[in-house]
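**Student:** Dropping the structure in here first, questions after.
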Amino acid sequence: MEKHNQFSTPIWVEQKKEYLKSLNKASDKYIKEARKRNKQHIKQFGDFGTSYHSTTLLQDNNFRDFRDYIGNKSWEFLDNMGYDMEQYKTMISEMWVQEFSKNGGGHHSAHIHWNQHVSGFYFLKCGVNTSVPVFHDPKTGARATKLHVKKDLKGIWPGLDVIHYRPQPGTLIIFPGYLEHEYSVDYGQAPFRFIHFNIQSVPTQMARDA
């Protein structure tokens, strides 16, 4: 029989090391400020399990070229999915940098971001022993009727309900906003820092009127 894979979920992965040095440098002050905001908590409880989360990066011109790139790439991503993007304009609604605790335990539970059409990560510091992004099957019907997969299964198969990527510094990942994602527990063996962004598509006329 012919095999047809329908209703697939695209995830785009690209190596963009040209932003790595400048964005790491621009991010340093935000991580420093985040650590300062958590100073009292760290003093009382330590920072095991902490994720140092910056304020917004949307107004910082040091990130402007990167914002332009991911905005255009996200428009292309949605256009490639078949949406009539001539009717829409992509707008970055959120962007921040975060770094997991050096003492380990940093992680994020599975979640999606409200009212977003594209989400993505850009990895600034990571390695073979750091946390990884994990993605969950977005098909609720498939998850509700899931069977046991083969114990020796290797590679990517339709029956899997979770997959993960092993990024390297400079890796950019773009995926649909509906795709549930999380970060595995980090053991603090190496620095782990990444930029997270969310993008909305708004009708072109609405963007023009605004």
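**Student:** Scan the range 17-33 and report the pairs whose first residue is of a type in the set (Gly, Ala, Ser) and whose second residue is assigned to a helix (DSSP H, G or I), with Cβ atoms within less than 6 Å and a gap of 6+ or a chain change.
**Tutor:** The qualifying pairs are ALA26/ASN62.
**Student:** Let me ask you something else. Any residue in the range 70-88 that's of a type in the set (Ser, Thr, Tyr): show its pairings with residues that are part of a helix (DSSP H, G or I) and at pLDDT below 95 at Cβ separation under 9 Å, as long as the two are six or more apart or on different chains.
**Tutor:** TYR88/THR204; TYR88/ALA207
**Student:** A follow-up question, please. Out of everything in the range 92-115 that is surrounded by fewer than 16 Cβ atoms within 10 Å (Cβ to Cβ) and among the hydrophobic types (A, V, I, L, M, F, W, C), what residue ends up being nearest to GLN189 (Cα to Cα)?
**Tutor:** Across the range 92-115, the extreme among qualifying residues is ALA110.
**Student:** If you go through the range 68-83, how many residues are over 14 Å from GLU18 (Cα atoms) and surrounded by 15 or more Cβ atoms within 10 Å (Cβ to Cβ)?
**Tutor:** Summing the residues that are over 14 Å from GLU18 (Cα atoms) and surrounded by 15 or more Cβ atoms within 10 Å (Cβ to Cβ) in the range 68-83 gives 6.
**Student:** Is there a residue in the range 123-130 that is in contact with a helix residue (DSSP H, G or I) (Cβ under 6 Å, 6 or more places away or on another chain) and either closer than 29 Å to PHE66 by Cα or buried (at least 18 other Cβ atoms within 10 Å of the Cβ) (or both)?
**Tutor:** Among the residues of the range 123-130, at least one is in contact with a helix residue (DSSP H, G or I) (Cβ under 6 Å, 6 or more places away or on another chain) and either closer than 29 Å to PHE66 by Cα or buried (at least 18 other Cβ atoms within 10 Å of the Cβ) (or both), which makes the answer yes.
**Student:** Across the range 162-203, which residue is farthest from VAL128 (Cα to Cα) among those that are outside any strand (DSSP E or B) and in contact with a helix residue (DSSP H, G or I) (Cβ under 6 Å, 6 or more places away or on another chain)?
**Tutor:** Of everything passing the filter in the range 162-203, GLY170 is farthest from VAL128 (Cα to Cα).
**Student:** While we're on this one: Against the condition of a type in the set (Lys, Arg), modelled with pLDDT under 95 and part of a strand (DSSP E or B), how does LYS150 come out, does it pass?
**Tutor:** Judged against the criteria, LYS150 is not a match.
**Student:** Give VAL118, VAL134 a once-over and let me know the one that is farther than 14 Å from PHE197 by Cα, among the β-branched types (Val, Ile, Thr) and surrounded by 12 or more Cβ atoms within 10 Å (Cβ to Cβ).
**Tutor:** The match here is VAL134.
**Student:** If you go through the range 182-196 one residue at a time, do you hit one that is at pLDDT below 95 and among the hydrophobic types (A, V, I, L, M, F, W, C)?
**Tutor:** no
**Student:** Then there's this: Quick check on the range 6-19. Is at least one of its residues of a type in the set (Lys, Arg) and either under 20 Å from TRP96 (Cα atoms) or at pLDDT 90 or above (or both)?
**Tutor:** yes
**Student:** Still on this structure, I have one more. Residue check, ILE70 against (1) more than 15 Å from the chain's Cα centre (by Cα); (2) hydrophobic (A, V, I, L, M, F, W, C); (3) part of a helix (DSSP H, G or I), all met but one. Which one?
**Tutor:** (1)
**Student:** Among the residues of the range 73-114, which ones are in contact with a Ser or Thr (Cβ under 8 Å, 6 or more places away or on another chain), among the hydroxyl-bearing types (Ser, Thr, Tyr) and not in a helix (DSSP H, G or I)?
**Tutor:** Residues satisfying the conditions are TYR83, TYR88, THR90, SER101.
**Student:** Any idea which of (1) surrounded by fewer than 15 Cβ atoms within 10 Å (Cβ to Cβ); (2) over 25 Å from ASN24 (Cβ atoms) is the one ARG166 doesn't satisfy?
**Tutor:** (2)
The values are calculated or read from the model by the stated rules, or taken from the named source; none is laboratory data. Just so it is clear, the structure is predicted and the values come from calculations on it, not from any experiment. With ideal geometry, Cβ positions are generated from the backbone for all residues, glycine too; neighbour counts draw on all protein chains shown.
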